[in-house]
Amino acid sequence: MNKGKKTQRVDKILGHLGIGSRADLKKMVKQGRVSLNGQVLKDSGAQADPYTDQIEVDGELVLYREFIYIMLHKPAGVISATEDTRDRTVIDLLPEHYKVFHPFPVGRLDKDTEGLLLITNDGQLAHDLLSPRKHVPKTYYADVRGLVGEEEAARFEQGVELDDGYVTLPAKLVVTGQAQDEEGPVSRILLTISEGKFHQVKRMFEAVGSKVLYLKRMSMGSLTLDETLPKGAFRELTEDELNSLR
Ligand code: URA
């Protein structure tokens, strides 16, 4: 976090937090609703340090921050984008006071995939987590058609060739259970991959003659889905979670 002595216009600081437009803030200041370090503010263009000066609006202390970090339990049926003309996006699930930060999802989950999605406006962190050179591990839970086991685990460990000829990096497959549905056996698995090709998990199972029936991301790097979050719910990362990602 930037804690240096950097001043900005008060209307800019409050505007960044979505408290109002420049014109709104001018009006609020005129109405005496904004104070800076205990003094009623006269000029909405006054300079303040957003991290160390105390700005109050209607008597409430304003907590400034530049970045937001949100863990979303993505439900199926929404797309990993900031806007779309047809489908609901993961950003549509957030309230207005987060949208003012212009957050975006860190990477993509397919429309039918559920689970952990990090949403932020911190481009540097997103870049670091997505960089192909960093090999950030991602673990997925999946239900897959058929009985998969040691043979598939060995193939994933070696790398499998996808439909476009790309050979995947070594991945770790753990079978956690088996079940049966109307169409036959289903394996419950955890797969950890350290890259993020388009539809990668689904295509890896296709490469070994299986099919993903259900897919949920459980973790990304050090960040694990908080299972107390119902599908569609979100919360901000804790300080520890954020520090562990950096
Ligand atoms: N792999 C997939 O096939 N889909 C996802 O959504 C994520 C990883």
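The residues neighbouring Leu242, those whose beta-carbon lies less than 10 Å from its own, together hold a net charge of -4 under the Lys/Arg +1, Asp/Glu -1 convention. Element breakdown for segment 108-246 at a 1.4 angstrom probe: carbon and sulfur atoms account for 50% of the accessible area.
Projecting the Cα atoms of Ser187, Pro50, Val201 onto the dipole axis of the chain, where Lys and Arg carry +1 and Asp and Glu carry -1 at the beta carbon, places Pro50 farthest toward the positive end.
With protein chains left intact and a 1.4 Å probe, residues in the chain average 55 Å² of accessible area per residue.
Phi-derived couplings, Karplus 6.51 cos²θ - 1.76 cosθ + 1.60 at θ = phi - 60°, listed residue by residue for segment 96-106: 3, 5, 8, 4, 4, 7, 6, x, 9, x, 8 Hz, with x used for Gly and Pro. Geometric descriptor of segment 13-102, per residue, is 112 Å³ (volume of the convex hull of the Cα atoms).
Computed per residue of the chain from DSSP H runs no shorter than four, each worth -39500 (n - 2.57), the mean residue ellipticity at 222 nm is -5500 deg cm²/dmol.
Separation of the alpha carbons by more than 25 angstrom is noted, of Lys111/Lys231; Lys12/Lys74; Lys134/Lys231, for Lys12/Lys74; Lys134/Lys231. For the pair Lys6 and Lys231, label points projected 7 Å from Cα toward Cβ lie 4.1 nm apart. Less than 5 angstrom separates the built amide H of Tyr69 from those of Leu237, all sequence-distant by 5 or more or on a different chain.
Can you list the trypsin sites (Lys or Arg not before Pro) in segment 115-146 that are in a DSSP coil and have 16 or fewer other beta carbons within 10 angstrom? Could the numbers behind the result be given before it?
Details: sites: Arg133, Lys134, Lys138, Arg145; in loops: Arg133, Lys134.
In loop regions of segment 115-146 (DSSP not H, G, I, E or B), the sparsely surrounded trypsin sites (Lys or Arg not before Pro) are Arg133, Lys134.
Placing Ile19, Ile119 in order of accessible area, with the largest value first and a 1.4 Å probe, yields Ile19, Ile119. In this simple spin-label approximation, Thr176 and Ser21 carry label points 7 Å from Cα along the Cα→Cβ vector, and these lie 4.9 nm apart. Between the residues Leu25, Ser80, Val106, the greatest Cα displacement towards the positive end of the dipole of segment 1-144, with unit charges on the Cβ of Lys, Arg, Asp and Glu, is found for Leu25. Quote the accessible area belonging to Glu66 in square angstrom, nearest 10, computed with a 1.4 Å probe and with ligands, DNA and RNA left uncounted. Only protein atoms counted, so the area is about 80 Å².
State the dimensionless ratio Rg/Rh of segment 8-61 (Rg: radius of gyration of Cα atoms; Rh: Kirkwood radius).
Using Cα coordinates only, the ratio equals 0.89.
Each residue, Arg108 and Glu60, gets one label point 7 Å from its Cα in the Cβ direction; the gap between the two is 3.8 nm.
Length, then width, then depth: along the principal axes, the Cα atoms of segment 138-220 run 33, 25, 21 Å. With the biggest extent put first, the Cα atoms of the chain measure 72, 35, 31 Å across the principal axes. The listed residues Thr7, Thr85 rank as Thr85, Thr7 when sorted by accessible area, largest first, using a 1.4 Å probe.
The values are calculated or read from the model by the stated rules, or taken from the named source; none is laboratory data. These numbers were taken from a predicted model, which means no experiment stands behind them. For neighbour counting, all protein chains shown are included, and Cβ atoms are generated from backbone atoms with ideal geometry for every residue, glycine included. Just so you know, the surface numbers come from the protein's heavy atoms only, side chains and all, with ligands and any DNA or RNA stripped out. Shrake-Rupley method; radii C 1.70, N 1.55, O 1.52, S 1.80 Å.
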